[in-house]
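The values are calculated or read from the model by the stated rules, or taken from the named source; none is laboratory data. A quick note: this is a predicted structure, and the numbers were derived from the prediction, not measured. Note: ideal-geometry Cβ built from the backbone for every residue, glycine included; neighbour counts use all protein chains shown. Please note that ligands, DNA and RNA were not included when accessible areas were found on the heavy atoms of the full protein model with its side chains. Shrake-Rupley method; radii C 1.70, N 1.55, O 1.52, S 1.80 Å.
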2 protein chains.
Amino acid sequence: MPTLVMKFGGTSVANLDRIARASKRVAREVANGYNVIVIVSAMSGKTNELVGWVNETSPLYDAREYDGVVSSGENVTAGLMALRLQEMDIPARSWQGWQVPVKTTDAHSSARIEEIPTENIEAKFAEGMRVAVVAGFQGISPEGRITTLGRGGSDTTAVAFAAAFGAERCDIYTDVDGVYTTDPRITSKARKLDKIAFEEMLELASLGAKVLQTRSVELAMRYKVRLRVLSSFEEPSDDAGTLVCDEEEIMESNVVAGVAYSRDEAKMTLISVADRPGIAAAIFGPLSEAGVNVDMIVQNISEEGRTDMTFSCPTDQVLRAEKAMEEAKGSGEINFHDLVSDQEVSKVSVVGIGMRSHAGVAAKMFEALHAEGINIKVITTSEIKISVLIDRKYMELAVQALHDAFELEKAA
Amino acid sequence: MPTLVMKFGGTSVANLDRIARASKRVAREVANGYNVIVIVSAMSGKTNELVGWVNETSPLYDAREYDGVVSSGENVTAGLMALRLQEMDIPARSWQGWQVPVKTTDAHSSARIEEIPTENIEAKFAEGMRVAVVAGFQGISPEGRITTLGRGGSDTTAVAFAAAFGAERCDIYTDVDGVYTTDPRITSKARKLDKIAFEEMLELASLGAKVLQTRSVELAMRYKVRLRVLSSFEEPSDDAGTLVCDEEEIMESNVVAGVAYSRDEAKMTLISVADRPGIAAAIFGPLSEAGVNVDMIVQNISEEGRTDMTFSCPTDQVLRAEKAMEEAKGSGEINFHDLVSDQEVSKVSVVGIGMRSHAGVAAKMFEALHAEGINIKVITTSEIKISVLIDRKYMELAVQALHDAFELEKAA
């Protein structure tokens, strides 16, 4: 029998009623002839309660104990859903991470899955079990202690199971009904996409369209796991949601798939840096060590041995970045005249695999922004994405203008 | 270093403040030079919440799933207490049942502990760890699934650990400050006992003095684990509570240690049963199968091949008992004229190892009841206990009269 992975997030299993509704969706796929592996999150609010207790007990907590406490929420949901399915006469049982076992690194609270042996669950499928309900977000370290994958890790668990079991598809049930051309709160013209390529989804996810955890999309891309994002609050249907898949599967597509944004960005510029080989490493090494997530980087042409270096990071990391740069200056590692930061900028990006074969996307983007009188402060490009930093007050306007310019309201 | 086992029940770890207070008691014993194994229950209310969810999801639940869900409460407390102890600079870590592993039978929801290998925890003690916080009430079956020991099973976990590790003592922290000569709500003359023998405690526990789970006392007696019952709400001191120990340790004791009672008993009589070899088995077999906990049994002298058979059971099992007897009569297994039940009786018992060597305890007991005009309906005796069934309305009066008659307000 083919295998399907279904993942239900916290709002989809928030209480016993919702667990019952999710179980009906599972039953539907069992009736469709699938053996199903269900990955569940904790009932919404439970993980936050547990995290709160840990933080109150020990602000600088031992991550091994944190993981043991916080993982318990998923175990409860897994058992309850297995019971609910049994009540519907579907042979089901629950698995906690260590029982599978989901083998991870020992990086507690942010562990990575290393291996998922399939024998135990396959043996039960062979005996007639139809549904394995697995507690998401957790695993077991080489030392036999419980690990967690970090918040949102249940998506990653789901994709990893789909890869390990060669599942036909991995359905991620959430509280949105798919991936949109842009945030529908910014423009009502936003259109739900039927399909989107892994690469595009990855750019959209990392740009702040928080439908799927970035790591889960990376993993899906690497193992070519077909991911479907859909709402657990809509009537079930076979073509609901958005399929995230290999670009080969997408016959027709717009040049640009979507417009993404990231509101709270800061632009920082080191003015008149003494330029020398290795200067970039001398700047970005300390920033990385300080936990600053540098995004865009632009270096001006060097004049008389000095240059300006501009980078962007989330606004809440500006203080850390400034401290790291002053320390590096103090220790003589780098030399610059001034550090200026602009904390009132946002990033807007257009994303699409069609850009690879279509020239003129950048020109069209800049033209659309210019027509609205929006000044571009920094530009970066990749093969399938063009991003600009602009004044934050123009962010919504920019998203709307770009959505119109690329006619994203129309399907390809 | 000597090992001490400390067990904290649900009310003693009901919230973060109480967990912090319990941790202080643990710290005190660490300072006294012990390596400590702490057994914790779930925060009070948590297990009931989980049990409620299971029952609502699946009234006739799969006990394996029940165990997986319900055991999660203890895991949370174990992690939180380990964190709290670490905050106090005490090297501590938590263990879930399967990590130790606490090996049990596969009788889910009422499993028995079969073995507790000590290597893993001993190895950590050898590395300098001072406290192992273990989730109580749970273990792992031969098939690798989570089991629970039944409600109150954390006491049993504690005693089993004390036996396995050869602990100097097993301290059970609860919401009462010790074992009393009788229920202080019935007579203010009730006196806290400093020491009580295992056998006496066993009779008191099974008679409804719900300080300790019966199984845990049985286990303590078998492995000669010195048990101390004490309150987690009083100031710590070395001679707090009541020590439950081998009778050898008790130099002086009253002939009678305490007066116990069980309020809601029923007396049932099968009238004119056709007597034959095996008739007792024919009666009590079906009762046992129907889940009736038969306590006292009295058989009249047989006349002309017929006899009366009287037994007692909890009042809420009377319907089940009647059904089982009617069915046995219907199938021809037994033959009786009538079944009469009296649901307005209570059991009162005097318990004491001193009875073994002192005659006249029964006479004194009957005399005291007679002096109050209390009619005795059924009598049973064991080596260290005399129990009577009486009308429920006299129960408190009987307890007070017996407490006075045996002068239990005075220490030996």
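A:Gly136 falls short on exactly one of the conditions (1) under 29 Å from A:Arg18 (Cα atoms); (2) within 14 Å of chain B (Cβ to nearest Cβ); (3) open to solvent by less than 70 Å² (accessible area, probe 1.4 Å), and that condition is (2). Within region A:190-214, the set of residues being open to solvent by 50 Å² or more (accessible area, probe 1.4 Å) and either of a type outside the set (D, E, K, R) or at pLDDT below 90 (or both) comprises A:Ser206, A:Lys210.
Against the conditions (1) among the hydroxyl-bearing types (Ser, Thr, Tyr); (2) open to solvent by less than 20 Å² (accessible area, probe 1.4 Å); (3) more than 34 Å from the chain's Cα centre (by Cα), B:Thr269 satisfies every one except (3). All conditions but one from (1) within 14 Å of chain A (Cβ to nearest Cβ); (2) among the β-branched types (Val, Ile, Thr); (3) free of Cβ contacts under 8 Å to residues at least 60 places away in the same chain; (4) farther than 23 Å from B:Val69 by Cβ apply to B:Val131; the one that does not is (3). I need a count of the residues in region A:223-247 that are more than 22 Å from the chain's Cα centre (by Cα) and not in a loop (DSSP other than H, G, I, E, B). Residues in region A:223-247 being more than 22 Å from the chain's Cα centre (by Cα) and not in a loop (DSSP other than H, G, I, E, B): 0 in total. The residue of region A:369-399 that is farthest from A:Glu344 (Cα to Cα), among those that are assigned to a loop (DSSP other than H, G, I, E, B) and in contact with a strand residue (DSSP E or B) (Cβ under 8 Å, 6 or more places away or on another chain), is A:Ile384. Among the residues of this structure, A:Lys7 counts as one that is of a type in the set (D, E, K, R), away from every other protein chain (no Cβ under 12 Å) and surrounded by 23 or more Cβ atoms within 10 Å (Cβ to Cβ). Reported count of residues in region A:156-170, each being touching a residue at least 60 places away in the same chain (Cβ under 8 Å) and open to solvent by 10 Å² or more (accessible area, probe 1.4 Å), is 6. Looking at region A:384-399 only, could you name the residues that are without any contact (Cβ under 8 Å) to a residue 60 or more places away in the chain and over 12 Å from A:Gly373 (Cβ atoms)? Within region A:384-399, A:Ile386, A:Val388 qualify.
With respect to B:Thr147, is the statement that it is in a helix (DSSP H, G or I) and polar (S, T, N, Q) true?
Answer is no for this residue.
Restricted to region B:277-368, the set of strands (runs of 3 or more DSSP E) holding at least 2 residues that are out of contact with any Pro (no Cβ under 9 Å at 6 or more places or on another chain) and open to solvent by less than 70 Å² (accessible area, probe 1.4 Å) comprises B:306-314, B:338-351. From the list B:Val244, B:Val176, the one residue that fits, being under 28 Å from B:Ser346 (Cβ atoms), of a type in the set (A, V, I, L, M, F, W, C) and either without any contact (Cβ under 8 Å) to a residue 12 or more places away in the chain or open to solvent by less than 10 Å² (accessible area, probe 1.4 Å) (or both), is B:Val244.
Of all residues in region A:105-114, none are farther than 20 Å from A:Gly9 by Cβ, open to solvent by less than 20 Å² (accessible area, probe 1.4 Å) and within 14 Å of chain B (Cβ to nearest Cβ). Across region A:37-69, which residue is surrounded by the fewest Cβ atoms within 10 Å (Cβ to Cβ) among those that are among the aliphatic types (A, V, I, L, M) and touching a residue at least 24 places away in the same chain (Cβ under 8 Å)? For region A:37-69, the residue satisfying everything is A:Ala63. Within region A:253-265, is there a residue that is among the β-branched types (Val, Ile, Thr) and touching a His at 6+ places or on another chain (Cβ under 7 Å)? Yes, some residue in region A:253-265 is among the β-branched types (Val, Ile, Thr) and touching a His at 6+ places or on another chain (Cβ under 7 Å). The set of residues in region B:251-264 that are within 25 Å of B:Phe198 (Cα to Cα), of a type outside the set (A, V, I, L, M, F, W, C) and assigned to a strand (DSSP E or B) comprises B:Gly258, B:Tyr261, B:Ser262, B:Arg263. Against the criterion of being under 25 Å from B:Thr242 (Cβ atoms), touching a strand residue (DSSP E or B) at 6+ places or on another chain (Cβ under 9 Å) and in contact (Cβ under 8 Å) with a residue 40 or more places away in the chain, B:Leu402 qualifies.
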